[in-house]
1. If you check A:Phe206 against the conditions, is it assigned by TED's automatic domain parsing to the domain that holds A:Pro250, in contact with a strand residue (DSSP E or B) (Cβ under 6 Å, 6 or more places away or on another chain) and over 16 Å from A:His76 (Cα atoms)?
2. Out of B:Tyr173, B:Tyr139, I need the residue that is of a type in the set (Phe, Trp, Tyr), crowded, with 20+ Cβ neighbours inside 10 Å, away from chain A (no Cβ under 14 Å) and touching a residue at least 12 places away in the same chain (Cβ under 8 Å). Which one?
3. Of the residues A:His249, A:His226, which single one is crowded, with 19+ Cβ neighbours inside 10 Å, in the same structural domain as A:Gly70 (by TED's automatic domain parsing) and out of contact with any Pro (no Cβ under 6 Å at 6 or more places or on another chain)?
4. Mind counting the residues in region A:142-165 that are buried (at least 21 other Cβ atoms within 10 Å of the Cβ) and either in a helix (DSSP H, G or I) or among the hydroxyl-bearing types (Ser, Thr, Tyr) (or both)?
5. Go over the candidates A:Ile531, A:Ile512, A:Ile505, A:Ile520 one by one and state the one that is β-branched (Val, Ile, Thr), touching a Pro at 6+ places or on another chain (Cβ under 8 Å) and not assigned by TED's automatic domain parsing to the domain that holds A:Gly617.
6. Got at least one residue in region B:517-532 being of a type outside the set (Ser, Thr, Tyr), within 14 Å of chain A (Cβ to nearest Cβ), closer than 30 Å to B:Val355 by Cβ and assigned to a helix (DSSP H, G or I)?
7. (1) at pLDDT 95 or above; (2) surrounded by fewer than 21 Cβ atoms within 10 Å (Cβ to Cβ): which one isn't true of B:Leu316, the others all being true?
2 protein chains.
Amino acid sequence: MKRIAIVIALVAGAAVSHADEGMWTYNHFPSDQVKQKYGFSPDAKWLEHAQLSSARISQGCSASFVSENGLVMTNHHCARSCIQQLSTPKNDMVAQGFYAKNLPDEVKCPEMEINQLVEISDVTARMSKATAGLSGKPYNDAEKAESSRIEKECASSDSVRCDVVSLYHGGAYNLYKYRRYQDVRLVFAPEEAIAFFGGDPDNFMFPRYDLDVSFVRVYDGGKPAHMDSYFRWSPAGVKDGDLTFVSGHPGGTQRQLTIAELEAQREWNLPRALIRLAEMRGMIAEYQNRGPEEKRHSNAMLFGIENSFKALNGRLEALQDKEFFASKVAEEKALRAKVDNDAALKQYAAAWDAVAKAESEYHQIENPYEFMEGNAGFSSTYFGLAKLLVRAGDERPKPLDKRFREYRDSNLPALTQRLLSPAPIYDELETARLTWSLTKLREKLGADHPFVKKVLGKQSPAEVAKNLIAHTKLRDVAYRKQLWDGGKKAVDASDDAFIKLARFIDGDARAIRKRYEDNIESVLKKNDEAIAKARFAVEGMNTYPDATFTLRLSYGTVKGYNENGRFIAPLTNFAGAFERATGRDPFALPATWNAAKPKLVMKTPFDFCTTNDIIGGNSGSPVINQKGEIVGLIFDGNIQSLGGEYGFDPKVNRAVAVHSEALIHALDKIYGAERIVNELRPQKRATR
Amino acid sequence: MKRIAIVIALVAGAAVSHADEGMWTYNHFPSDQVKQKYGFSPDAKWLEHAQLSSARISQGCSASFVSENGLVMTNHHCARSCIQQLSTPKNDMVAQGFYAKNLPDEVKCPEMEINQLVEISDVTARMSKATAGLSGKPYNDAEKAESSRIEKECASSDSVRCDVVSLYHGGAYNLYKYRRYQDVRLVFAPEEAIAFFGGDPDNFMFPRYDLDVSFVRVYDGGKPAHMDSYFRWSPAGVKDGDLTFVSGHPGGTQRQLTIAELEAQREWNLPRALIRLAEMRGMIAEYQNRGPEEKRHSNAMLFGIENSFKALNGRLEALQDKEFFASKVAEEKALRAKVDNDAALKQYAAAWDAVAKAESEYHQIENPYEFMEGNAGFSSTYFGLAKLLVRAGDERPKPLDKRFREYRDSNLPALTQRLLSPAPIYDELETARLTWSLTKLREKLGADHPFVKKVLGKQSPAEVAKNLIAHTKLRDVAYRKQLWDGGKKAVDASDDAFIKLARFIDGDARAIRKRYEDNIESVLKKNDEAIAKARFAVEGMNTYPDATFTLRLSYGTVKGYNENGRFIAPLTNFAGAFERATGRDPFALPATWNAAKPKLVMKTPFDFCTTNDIIGGNSGSPVINQKGEIVGLIFDGNIQSLGGEYGFDPKVNRAVAVHSEALIHALDKIYGAERIVNELRPQKRATR
């Protein structure tokens, strides 16, 4: 049974040093602490090399550069949407896998962007100056405007990406400067059956037998990009007890939230999200019974829904653990007591109540906000494109500091990549999703809500969806480009059904967004910053910030754990995969594996788990050894790690990775992917 | 927006008298209180007449006898499953409605049982004696055994039904003796489009325009049963401000639960149930797209799921209301303080913590309990029948006090009615539901759970479901009868796939049930009883017990309310229905209504709301006036009434009913159902 058993999670401050806890920024890695515990610590050169060899997939994953010719290793599930976008009813690359035998066979991913972090600089002083003395809407506006300005100054061309990152919930602001690659081509992907062996039942579980890998390549000027830094392959791999580092991009944690924020998650936000995901899951799973093509084109969506469902459910269970929650309450109480009793800190004392009030206000408007502005009422790729175009028409002509943040100059390359993606859109799936979400719009706001009447009129959700999809040209990339290039004038002149809808409701959507930003977001931001400052003053600065989908380094060791009184060994092998196989999805091994079975060395390590502190977004991160060599590929955490959102439990929280030897063994013996093996290990030696 | 706004709900004791609160038992109706407030109170004769004229549909609804010839009025949604069971692909009576023009045209409902409460007697002393000095398993066993014995002594024949009812959570035990009718025939049902006008969006809402009525008739010896008592029809109907009584069978409330129990609901049980319902809802809603026949045969299921979802969601929102919950906490704290400080009551002091511990233990086993014994893993009519037969084989030969309670003699007529029902079972729907629930079984217990391996082996959930359904004969009523009559021997010899499965897993299911009954149910029952006694001692006995699906009488008045600053008038009329209609499901009026429009008097009252305190199970209850005449038919509560599960808020909690004039007007002018109109109003006068 999958129960979270966080006994007492250590969440901040001095306590951190006792566990392998922390998603550390590269500019504040706790080298002394690691040295003390493991007798080794990365030096500046090691860190620089690892930083430059790490990669981020901007849609939400991690990766690594693994050759001087721009080869990038990540998870299968991180390239999954690319693989599906490149597939056709006749060539289902998700099911069959893909291997570009030669360089010219590599195929461009329609929507993938890869970033390499080249520089971090501190812009806290400049940001503080911009917001000094402000609060509420002016504070929020100034914070966003200054961020946009800093990013614009930094990003000299489209191949440079700059993001101002708020760390410690506003306690510090750093500028992250990236090399941006938008020409990314698919090199290799195994069959989904082995990349995601065990499917949803085994997701977030351990022991595990997944070859969750894909290789892509970044191109520059039409040629493979040359990388000065990249990770070498370890000749030895990794074994029980070895020290491991994970360099990746954890998407977000919430370890520094207030109790009011955690309560809002436990009581409102998580149950609400789970209920929505559950209904979508039931709908899409049954939609797949319409036929094999429907199954194929909705598989990625179902995977995403089930993965989110399981992850959020784990979080909810963590917050429902009374002992864990009590430890959070005690921690906040202690901090607030110190703040209340210190003349210098008293200025921060009101922040917690302000946060609680803002959470409660959000609860009042969450339905209109999520359904009118958050697109929960319009679950449709077409609608997303239409809204992007309508808003671009209004926003792009504005001065930088007056625009919605997503239309800042430094974000335009990402927007246009999405807008002009040639990835197919499936009208049947669009119709099903849109009908469903319009039904939810009516359900959540009520049939008599003016916005609902505006959208539906006297029609049913199914009719509205059908009519919209019958009268759109947005499936045509050229038409989208024409509207983007033509700006507001072109958009206003368009008679496309989705464009007309997006235009028609944009005023309502903007109004609720304004209410959210002015009354809630600004309050949370300002007061979270105050709490961060209070925390620094009380606990010192030698802790790590909550994850922000920026590069972090964690340390740990290969280590098993106890679950319900049973010891779980930290490594699995190929034999285990064949034992677990039933021949039925999701426990069916691909034909290639059964065919190659005689050639395989069954004791070759397959997957392993470590104590590294990771979270969603770390998928695709390299696991590296002391020499900075690849020994594994992160693809999951165990079920107990889901509580890692709120606190790290060293006893049972484990990161889960594919072993480097498994990757080589499979590429070599099962897939005959010699070209990749040679590129990964130019030193070439026979696999065991 | 549908928000619960329970300000301070009055939950018990002396406070009750200030509001129209309470689902009062007929043997303890607060006549003085009503008299004081309204200047009228039912006397013994009035009460006896109302009691004998009220009816219960044992599957979960209320009803009333409305003629001396056994005519019964209830809601359309209470006869919905009968109407669907009698329908065929070619004759969809749910969509088309039904009217038996002549007595011989009335059709038997396959699974309906109607009860008339003839006697209530107090058996508290006898029950207390049986359980005196016991606790844990012996307490629980003795409590059940004595109940079964009392019921058996009382029920002289199959046409008598006797239930021992635990009131006040064990504070008192009453024996309810009913006349049982199992020959129930359908007389009239309108089209679902008007019975459930507004569908799920308008469910639990007000204002409303629903003709949620159906008429059935109880038969005795093949002839309409003669009723000595029945409700007459009011010639005048009801208007704003009128005093109203509702006599019906509220299914259950939880106003006397402890805080630990309420917290378990808020944090665990309700989110869990909502997530499950949401997924089923998505699945069945999309299943309906398979085709019109699939839509037809799954409609009742979807209605049930959506109705439950909305009801439970309302409960969750009520418990999430911080102010309301705080009032519950304060109330318990005050009661516990009195108990702690009173030498005579101290014996009850430990009960609250014992309840909390049992709730927490239940949380540990809820997955295996619900999935292995609670059938959550086997969502299938066939499986339910197979389990009934397998267990009957083992249980029926045992002495009464050793059997599972559902196999007690007094319950056998209900079991055999279900077992031998000729209602169709739809294999396609069975396959979809069973596949889905087996997938959930694997998800919730984990792929490696021994029980899951036992059920699935190396097969997929879809294969298992398909194989079971391909190899069952349980669709044949004669075969089921053969296994019932043949007992254990016949069941053991059966090679039916479902029977084999039910037999194969029965040991595991019994084991987890035993654990639940011995360690959790027994503790809750014993300690709830202790709390009830403490409450009586502190608050006196002049309050009403939580609802128990036994006959209750509530009083109130026709009254509007304020919602989001807007006043909602208490009566709607026919004109409103035509205004609200869009022509699209669920806001499409039936063709009969559009055709009859010129004949209708548009200002005729349609639906109305009252302050009567009701809850799920009250559906189909008669609304009666001071003279004991029918003035309406309960079919819903407003959205604010959903919090009534935990406490009554007189400001906004409203019962929703069809007006008696609307019923007559529609029967007369739209349906030409003269035979029924004449039977309801033998005094016959023209409708307005």
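The values are calculated or read from the model by the stated rules, or taken from the named source; none is laboratory data. Model, not experiment: these values are computed from the prediction. Note that each Cβ is placed from the backbone with ideal geometry, even for glycine, and that neighbours are counted across all protein chains shown.
1. Here the answer is yes, as A:Phe206 does meet what is asked.
2. Just a single option satisfies the conditions, and that option is B:Tyr173.
3. Working: A:His226 fails: crowded, with 19+ Cβ neighbours inside 10 Å.
Only one candidate passes the filter, namely A:His249.
4. Looking only at that region, the number is 6.
5. On inspection, the qualifying residue turns out to be A:Ile512.
6. No: zero hits.
7. (2)
Residues checked against (1) of a type in the set (Lys, Arg); (2) modelled with pLDDT under 95; (3) outside the structural domain of A:Pro224 (by TED's automatic domain parsing):
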site	(1), (2), (3)
A:Ser135	no, yes, yes
A:Glu151	no, no, yes
A:Val187	no, no, no
A:Pro190	no, no, no
A:Ala193	no, no, no
